[in-house]
Structure formats: C-alpha cells, structure tokens
Amino acid sequence: GGGLELALAADIRVAASDCQIGLEALTVGFPRAGGLQRLTRAIGRSRATQLLLLEGQIDSATALDWGLVNLVADNASEAAWQVAGSIASRGPLATRYAKDAIRHGLEMPLAQALHYETELTILLQDTNDRAEGVDAFVNKRAPEFSGT
C-alpha cells in the first residue's frame, strides 16, 4: 500500500520477482500521498480501477505487463542499484531536461510540448557536458560529465 504510493513517485520502478503489489485504499481507508492519481497516470483508468476494485493485489509479472514496474528481478535491490548506476552514467543536465520534457510535456498540447523540448535542447548547447558528450562520441570513449 504505502510502498506502492511511494514507488509511484519514482521515474523507474523495480520489483522483486516474488512480490505482490497493490494499494490498500479500499480496505484500510483512503490512499495517502496522491496514490490514486499517480496509479491512474501510470497504468490508466481501467487497470487502476481493476486493481482497486477487483484484484486488490497483482504479482510482479502482471505489474510489469501493465507498466506499473519497469523491471522485475530476483534480487530487486541489486537490480535497482544497477539502474541507478546506469542513470548516473548519463549526462546529469541532459537527464534532468529529458525528465522535465517528459513530465511537463504530457501536460501540454503537442505543439507547445515540442517547443518546450526544443527550448531545453537549446539550453544544453553551450554546456560543458554537451561538449564532453560530443568529444567522447567522436573519440569513441566514455564521457566524463561534470554537470556543467
């Protein structure tokens, strides 16, 4: 219940292969922390309603199929650390702007979202990280981003 509500605030969710996932909203009161809103945005109205009113809980394979989690692993903690390492290896500015474009773009009409994404791309053009990324690509080496 509370764990899922917390996880729904994350960009990437990893689940253990043997876990059960659900919101206890209707059995223990009402969800806290915007759980219903995030759940519906993550898996859609129909599946959110099914989970709450019919299923109660789903297994990790179903959660993966529904898009509620991004990865299922026997050792979820180890897998989560690998995901974190992968994210950390990318350019921090580009990562932040990409997340902003996704998050805010979904709330905008398409034309406005495309314009917003272009503005973010322009902001990256004069950064040290972009220069480092281009140089690393040209020289076939791993980039060393500074976040500037």
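The values are calculated or read from the model by the stated rules, or taken from the named source; none is laboratory data. Given the structure is predicted, the values throughout are model-derived calculations rather than measurements. Here the Cβ is made from the backbone with ideal geometry for all residues, glycine too, and neighbour counts use every protein chain on show.
The table below lists the values:
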| read-out | value |
| --- | --- |
| Unique match (being in contact with a strand residue (DSSP E or B) (Cβ under 7 Å, 6 or more places away or on another chain), under 27 Å from residue 6 (Cβ atoms) and at pLDDT below 95) among 57, 50 | 57 |
| The listed residue being under 15 Å from the mean Cα position of the chain (by Cα) and in a loop (DSSP other than H, G, I, E, B), out of 64, 68 | 68 |
| Residue in the range 37-60 that is without any contact (Cβ under 8 Å) to a residue 12 or more places away in the chain, closer than 30 Å to residue 147 by Cβ, not in a helix (DSSP H, G or I) and not basic (Lys, Arg) present | no |
| Residues located in the range 95-142, provided they are of a type in the set (Val, Ile, Thr) and more than 25 Å from residue 84 (Cβ to Cβ) | 118, 121, 122, 134, 138 |
| Complete set of residues in the range 63-110 that are surrounded by fewer than 17 Cβ atoms within 10 Å (Cβ to Cβ) and among the polar types (S, T, N, Q) | 70, 75, 77, 82, 86, 89 |
| Residue 32 vs. criteria assigned to a helix (DSSP H, G or I) and either modelled with pLDDT under 95 or of a type outside the set (S, T, N, Q) (or both) | no |
| Residues satisfying the stated conditions in the range 12-25, i.e. over 17 Å from residue 72 (Cβ atoms) and in a loop (DSSP other than H, G, I, E, B) | 23, 24 |
| Scope the range 1-29; condition closer than 16 Å to residue 57 by Cβ, β-branched (Val, Ile, Thr) and either within 16 Å of the chain's Cα centre (by Cα) or modelled with pLDDT of 85 or more (or both); matching residues | 21 |
| Residue list for the range 71-91, restricted to those being in contact with a helix residue (DSSP H, G or I) (Cβ under 8 Å, 6 or more places away or on another chain) and not in a strand (DSSP E or B) | 87, 91 |
